[in-house]
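Beneath this line is the structure, given in C-alpha cells, with notes to follow.
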Amino acid sequence: MNKTSKNNVLLKLFFSTLYISAFTFGGGFVIITFMKRKFVDELHWICEEEMLDLTALAQSSPGAIAVNAAILVGWKVGGFAGMLTAVWGTVLPPMIILSAVSFFYQLFAANPYVALMLRGMQAGVAAVILDVVCSLASGLSKGKRPSDLCILVVSFTAVFFFQVNVIYIILTAAGVGILLEVMKRRKERASK
C-alpha cells in the first residue's frame with residue numbers, strides 16, 4: 001500500500017470512528033453495532049467472523065469496550081498508526097461532550113427536559129443493543145459448529161436466570177473453546 005493510499009485509509013478510519021463515537025449513545029455494545037455496519041457491511045475492511053472475534057476480545061479485555069474495539073479494528077485495518085487513529089477518533093467526542101456536560105452539570109441536572117430526553121433515549125438504546133445481540137447470534141448460528149450455539153444458550157441461561165458473574169462465563173467459554181479446538185486437532189491428527 002502506497003503512502004497516499006494508507007493516509008486515505010487512516011483519514012477514513014479516523015472520521016468513521018469519530019462519527020460513530022459522536023452519535024452513539026448507550027455504551028460499548030451500541031458502538032460495536034455501528035462499527036460492524038461501517039467496517040464489515042459498508043467498507044468491507046473486516047469480515048463478519050473477524051468482527052465477532054474482535055468483539056469477544058474487546059469485551060473480555062479490561063477497559064471500555066468501545067476503546068478496546070477501536071484498538072482492535074484500528075490495528076487490523078492500519079497497524080499501529082490505524083490503532084492510534086481509531087482510538088483518537090473514538091475518545092474525542094465523549095471527551096468533548098463530557099467536558100461540556102461537567103462544566104454545565106447543574107443546568108443539566110435540574111432541567112426536566114434533559115431528564116425526559118435521557119429517559120426516552122434509554123428505549124432506543126435498548127433496541128440497538130437487542131439488534132447487536134440478534135446480529136451477533138445470527139452470525140454464530142451460521143457457523144459450522146453447533147457447539148458455538150450451545151455455548152451461547154448455556155451462557156445466556158447462566159447469566160439471565162442464575163446471575164452467574166460474567167467473568168466466570170467468559171473464562172468458562174474460553175476454556176471450552178480451547179478444549180474443543182484441542183479435541184478437533186487431535187481427531188484430525190488421528191485420522192491422518
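The values are calculated or read from the model by the stated rules, or taken from the named source; none is laboratory data. For clarity, every value in this text was computed on a predicted model and none was experimentally measured. Using ideal geometry, Cβ is built from the backbone for each residue, glycine included, and neighbour counts are taken over all protein chains shown. Quick note on the areas: whole protein, heavy atoms, side chains included, nothing else; ligands and nucleic acids left out. Shrake-Rupley method; radii C 1.70, N 1.55, O 1.52, S 1.80 Å.
Cβ-Cβ contacts under 6 Å between residues 6 or more apart (or on different chains), taken from a first residue in segment 90-105 that is surrounded by 15 or more Cβ atoms within 10 Å (Cβ to Cβ) to a second residue that is assigned to a helix (DSSP H, G or I), are listed as 90/17; 90/21; 90/66; 90/67; 90/70; 93/21; 93/22. Name the single residue that is nearest to residue 130 (Cα to Cα) among those in segment 150-186 being modelled with pLDDT of 90 or more and loosely packed, with under 10 Cβ neighbours inside 10 Å. Per the criteria, the residue is 160. Remark: pairs (first residue in segment 156-185, touching a residue at least 40 places away in the same chain (Cβ under 8 Å); second residue surrounded by 12 or more Cβ atoms within 10 Å (Cβ to Cβ) and not in a helix (DSSP H, G or I); Cβ separation under 7 Å; 6+ apart in sequence or on different chains) are absent. Annotation: of all residues in segment 1-46 being farther than 15 Å from residue 70 by Cα and in a helix (DSSP H, G or I), the one that is least open to solvent (accessible area, probe 1.4 Å) is 5.
Within segment 61-80, is there a residue that is open to solvent by 80 Å² or more (accessible area, probe 1.4 Å), part of a helix (DSSP H, G or I) and touching a residue at least 40 places away in the same chain (Cβ under 8 Å)? No, segment 61-80 contains no residue that is open to solvent by 80 Å² or more (accessible area, probe 1.4 Å), part of a helix (DSSP H, G or I) and touching a residue at least 40 places away in the same chain (Cβ under 8 Å).
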